[in-house]
Structures are given as C-alpha cells and as structure tokens.
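Visitor: Pasting in a structure now, in structure tokens, and then I'll have a few things to ask.
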Ligand code: RUB
C-alpha cells in the first residue's frame, strides 16, 4: 500500500482499530522511506515529516496514531548521515510493529488472569486488545460467554462476532440499546481504548460510556485493554482528546436526509468513560488502576512531556493530545 492509500484506508475505516491504525501508519512510513531517493539528510527528514503529517491528520481521536508516528520519527533525530537515517528509521519501524504485536500478547495474558472460569463478559466495538484477553481466557479452558454489541453505525460488532465465533467462544449478539438489559447477567465489561487521558478517563467507540454507566449502576466491573501507546501525553498538560465526528451518511442515507431539511444528523465516533467508572486498565506493563495513567505517560512513552508539547506545536494543532 502506498502512503496515500494507507491514509485513505484509515480515513474511510478500511483500516480501523487504534492498534491496527498505528501499525499500518508505521508500515506505510517504512515503505515510503524505502521508496524515496533523497540526496541529503535534510531532504529525507522533510519528506518523512510531510508523510507523517499526512497520516496523523487522517483520524483525530486514536492517540495511538500520533504516538506511533512520533515514536518512529524520533529515529531521525540523532543521526548524522542519510544512510544512518534510512537504516535507523527502518529498524525503528520494525521494532514498533513487533513491540505493538508483543504488547497485545502480554495484555492477553494479563487480561485472561482477570477473567474467571464461568464468567460472562460484555464487549463493545471491535478491539484487538480486548478480544485477545477474552480469546486467551477461552484458550486456557475457562468456560466463558460473551455479549457482543452491534456497534451502530459501522457495525464493528460483526467483526467481533466473527472473531469470537472463529475462536469457538459462545456469544450472544445484541443491539447497542440492549446493553442495559443484559448487564446484570454479566460479570465483567471489557473494552479497548482509542485514548486514555492522564487522569484515567478512557475514550473508546461511541456507546462505551452508556455501557460503563449501566455497569457501574449494576456493580459490574469495567476493565480496559490498552497498549501504553494509547495513553495521551498532552492531556497531562490540559489538552482534550478531540472526538471525531464522522459523515452523516453513516447514520442516515443521503436520499432520506435530503427529504428532511429540518433534521441534522450528529455522528460522534467516540465517547468518554470517566475514570471513576473504570476498575482496571490492562497494559503490557501490567494491570493498573486508572489513577496510575499519568505514571504510564511519564515512565513508558519514551518522550518527556516537553518533547510531546514541542512535537504537538510543530504539528500546528494537528496532533495535539
Ligand atoms: C475502534 C475502537 C476500538 C479501539 C481499540 O474504533 O473504538 O475499541 O480502537 O481497538 P474504530 P484495538 O472502529 O472507529 O476505529 O484494541 O484494536 O486497538
């Protein structure tokens, strides 16, 4: 896939899910770097920055995207020659992809320990990290069952039930608005994250917050599976995570909308679970309470807050979270 194809694929959601988006962006940058024939280091850096900006602009909410892009772009900071830069970038990109996949496996092992034999779990949207925990618990021989939601308007629940079915996990498929009706029959809600703020609030697919509220009321635990690069460093400095609003046609066909001139469709793609409604977050560094989110940002994201601040400012508002 070319850089432009990957950018389009992320924008149109052919490539979706925060972890997959991050890896696809890094792989696209790596392939783009390989295809360039720059004559000087500065020229290479400038073109790679242009490519990085193009990818970061595709979807605003999943912080995995700017975190991943910045992580690999750092390879170009401490090099003196063009060939060193090319080599360092390629190695950093390969490292990122391998460690992203490795993180999912570690999270699966940690998350599976928190799912007990006989548990029924509810999940929302299609999260590679959340499903890895569920499927690992099943693989370990625990008799678990899943309630999976439909996920209007893009129906990511279909991908989830396909994955659960392929793994042989007994699953009930429900419409989003049925979550409250079943949450009392559930032992654990487990979802992924597009971003986690410094104070432990979790941004995930629209509809996650009402499920967390219902679970809180029903005294059902809510856990989140998220790699450390889903934590949003600039939230430690007061920035908000921007919530993407997607085209109205995802909700209401254009021909129907055209007949309803007084109706406006709102289509936010994500919502926010307050930290107080999250019991644990499974990261590759271990299971943490949401109140420890800041420590993940400080100790495991690799950059100081000032460096993130500078990168955010350099990107002129494009990746500020
Ligand atoms: C996907 C979504 C997922 C998170 C985490 O939204 O909200 O729960 O991205 O997924 P969309 P993962 O379909 O709009 O990208 O654990 O796979 O990174």
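Visitor: Has segment 38-57 got any residue that is over 16 Å from the mean Cα position of the chain (by Cα), in the same structural domain as residue 100 (by TED's automatic domain parsing) and within 16 Å of the ligand (Cβ to nearest atom)? Lay out the reasoning, then the answer.
Guide: Step one: list which residues in segment 38-57 are over 16 Å from the mean Cα position of the chain (by Cα), which gives 38-54.
Still in the list and also in the same structural domain as residue 100 (by TED's automatic domain parsing): 38-54.
Next, only the ones that are within 16 Å of the ligand (Cβ to nearest atom) stay: none.
No, segment 38-57 contains no residue that is over 16 Å from the mean Cα position of the chain (by Cα), in the same structural domain as residue 100 (by TED's automatic domain parsing) and within 16 Å of the ligand (Cβ to nearest atom).
Visitor: Just checking, does segment 80-89 include any residue being within 12 Å of the ligand (Cβ to nearest atom), surrounded by fewer than 21 Cβ atoms within 10 Å (Cβ to Cβ) and assigned to a helix (DSSP H, G or I)? Working first, answer last.
Guide: Quick first cut of segment 80-89, residues within 12 Å of the ligand (Cβ to nearest atom) only: none.
No, segment 80-89 contains no residue that is within 12 Å of the ligand (Cβ to nearest atom), surrounded by fewer than 21 Cβ atoms within 10 Å (Cβ to Cβ) and assigned to a helix (DSSP H, G or I).
Visitor: Output the residue which, of all residues in segment 58-79 that are free of Cβ contacts under 8 Å to residues at least 40 places away in the same chain and assigned to a loop (DSSP other than H, G, I, E, B), is nearest to the ligand (Cβ to nearest atom).
Guide: That would be 77.
Visitor: Moving to a separate point now. Does residue 214 satisfy the criteria of being at pLDDT 95 or above, assigned by TED's automatic domain parsing to the domain that holds residue 282, surrounded by fewer than 22 Cβ atoms within 10 Å (Cβ to Cβ) and over 16 Å from residue 119 (Cβ atoms)?
Guide: Values: at pLDDT 95 or above: yes; assigned by TED's automatic domain parsing to the domain that holds residue 282: yes; surrounded by fewer than 22 Cβ atoms within 10 Å (Cβ to Cβ): yes; over 16 Å from residue 119 (Cβ atoms): yes.
The answer is yes for residue 214.
Visitor: Residues to consider are 207, 157; find the one that is within 11 Å of the ligand (Cβ to nearest atom), in the same structural domain as residue 246 (by TED's automatic domain parsing) and in contact with a strand residue (DSSP E or B) (Cβ under 6 Å, 6 or more places away or on another chain). Full working, then the answer.
Guide: On the way: 207 fails: in contact with a strand residue (DSSP E or B) (Cβ under 6 Å, 6 or more places away or on another chain).
It is 157.
Visitor: Sticking with this one: Only one of 224, 183, 189, 202 is in contact with a helix residue (DSSP H, G or I) (Cβ under 7 Å, 6 or more places away or on another chain), within 16 Å of the ligand (Cβ to nearest atom) and at pLDDT 95 or above. Can you tell me which? Write out each step before concluding.
Guide: Numbers: 224 fails: in contact with a helix residue (DSSP H, G or I) (Cβ under 7 Å, 6 or more places away or on another chain); 183 fails: within 16 Å of the ligand (Cβ to nearest atom); 202 fails: in contact with a helix residue (DSSP H, G or I) (Cβ under 7 Å, 6 or more places away or on another chain).
Just a single option satisfies the conditions, and that option is 189.
Visitor: Sticking with this structure for a sec: Name the single residue that is farthest from the ligand (Cβ to nearest atom) among those in segment 266-290 being assigned to a loop (DSSP other than H, G, I, E, B) and exposed (fewer than 14 other Cβ atoms within 10 Å of the Cβ).
Guide: Of all residues in segment 266-290, those assigned to a loop (DSSP other than H, G, I, E, B) come to 266-267, 269, 274, 278-279, 284-285, 289.
Imposing the further condition that a residue be exposed (fewer than 14 other Cβ atoms within 10 Å of the Cβ) reduces the set to 266, 289.
On the way: 266: 16, 289: 20 Å.
It comes out as 289.
Residue-wise test of (1) more than 21 Å from the chain's Cα centre (by Cα); (2) within 22 Å of residue 206 (Cβ to Cβ).
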{"residue": "106", "(1), (2)": "no, no"}
{"residue": "113", "(1), (2)": "yes, no"}
{"residue": "116", "(1), (2)": "yes, no"}
{"residue": "128", "(1), (2)": "no, yes"}
{"residue": "142", "(1), (2)": "yes, no"}
{"residue": "158", "(1), (2)": "no, yes"}
{"residue": "162", "(1), (2)": "no, yes"}
{"residue": "168", "(1), (2)": "yes, no"}
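Visitor: Considering only segment 103-152, how many residues are near the ligand (Cβ under 10 Å from one of its atoms), assigned to a loop (DSSP other than H, G, I, E, B) and surrounded by fewer than 24 Cβ atoms within 10 Å (Cβ to Cβ)?
Guide: The number of residues fulfilling the criteria is 1.
The values are calculated or read from the model by the stated rules, or taken from the named source; none is laboratory data. Since the structure is predicted, the reported quantities are computational estimates derived from the model, not experimental observations. Cβ: placed from backbone, ideal geometry, glycine included. Neighbour counts: every protein chain shown.
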